[in-house]
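The values are calculated or read from the model by the stated rules, or taken from the named source; none is laboratory data. Because the structure is a prediction, the values reported are computed rather than measured. For neighbour counting, all protein chains shown are included, and Cβ atoms are generated from backbone atoms with ideal geometry for every residue, glycine included. Please note that ligands, DNA and RNA were not included when accessible areas were found on the heavy atoms of the full protein model with its side chains. Shrake-Rupley method; radii C 1.70, N 1.55, O 1.52, S 1.80 Å.
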Amino acid sequence: MNIRIGNGYDIHRLVPDRPLILGGVKIPHHLGLLGHSDADALTHAIMDAMLGALSLGDIGHYFPPSDPKWSGANSLLLLQQVDELIQAKGWQVGNIDSVIIAEQPKMKPYLGTMQEKLANTLKIDNDQVGIKATTNEKLGPVGRQEGIAVYTVVLLVKS
């Protein structure tokens, strides 16, 4: 088989006194995402999808929250490590398709920069990274602005 598909999901709680970082982009907002690393839910979902496509577990296996060395870690650097692992196994990213679910702030102004940062980190073309954003229509914890969730699908192709 020359292709593999993986899906990823991540959700983080919104809290005061934390930066809001998605796709490596710091977004101005009065709340940020809570997590052991920088809590970049978009990048985390992408990493989980990449690992899942090759049955390699999830990011908690490689970057456990119990390990203080990952405290505050830049998720783009973690993504780079996951990409190196994927490539060492003879695979590369074909494309990524992600959906950010958040009521606030509006993501549209930042999607292009997220796309560029992720593509540059993975050394792929911008058009191989799709990112969309939607709301949860005020339903559930995301709708109540308690958190931000991300769903991702990644296609890996044999190198």
Å² of accessible area per residue within segment 3-158, as computed with a 1.4 Å probe and no ligands counted:
49
Hey, what number do you get for the chain at 222 nm if only DSSP H runs of n ≥ 4 count, each worth -39500 (n - 2.57), divided across all residues, to the nearest 500?
-8500 deg cm²/dmol
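Could you work out the relative contact order of the chain, using alpha carbon pairs under 8 angstrom and six or more residues apart, expressed as a whole percent?
Reported relative contact order: 34 percent.
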Helix by helix, which DSSP H runs in the chain go 15 Å or more along their axis at the Cα atoms and have an average Kyte-Doolittle hydropathy of 0.5 or more?
41-53, 75-88
For residue 24, distant residues with modelled amide H under 5 Å away:
43
Just the accessible area for residue 159, please: 1.4 Å probe, Å², rounded to the nearest 10?
100
Contour minus end-to-end for residue 157 and residue 1, with contour as 0.36 nm per residue of separation and end-to-end as the Cα-Cα distance?
55.3 nm
Using Cα springs under 10 Å in a Gaussian network model of the chain, which residue among 23, 90, 143 shows the largest mean-square fluctuation?
90
Using +1 on the beta carbon of Lys and Arg, -1 on that of Asp and Glu, and nothing else charged, what's the dipole of segment 3-158 about the Cα centre, debye to 20?
120
Scan [x] 0.93; [y] 0.96; [z] 1.04 for the value of Rg/Rh (Cα atoms, Kirkwood Rh) calculated from this model and give just the label.
[y]
Can you tell which of 99, 15, 82 shows the greatest fluctuation in a Gaussian network model of the chain with Cα springs below 10 Å?
15
What order do 125, 48 take when sorted by accessible area (1.4 Å probe), most exposed first?
125, 48
Residue among 88, 41, 119 with the largest mean-square fluctuation in a Gaussian network model of the chain, springs linking Cα atoms under 10 Å:
88
Of all accessible heavy-atom area on segment 3-158, the percent that carbon and sulfur account for (1.4 Å):
51
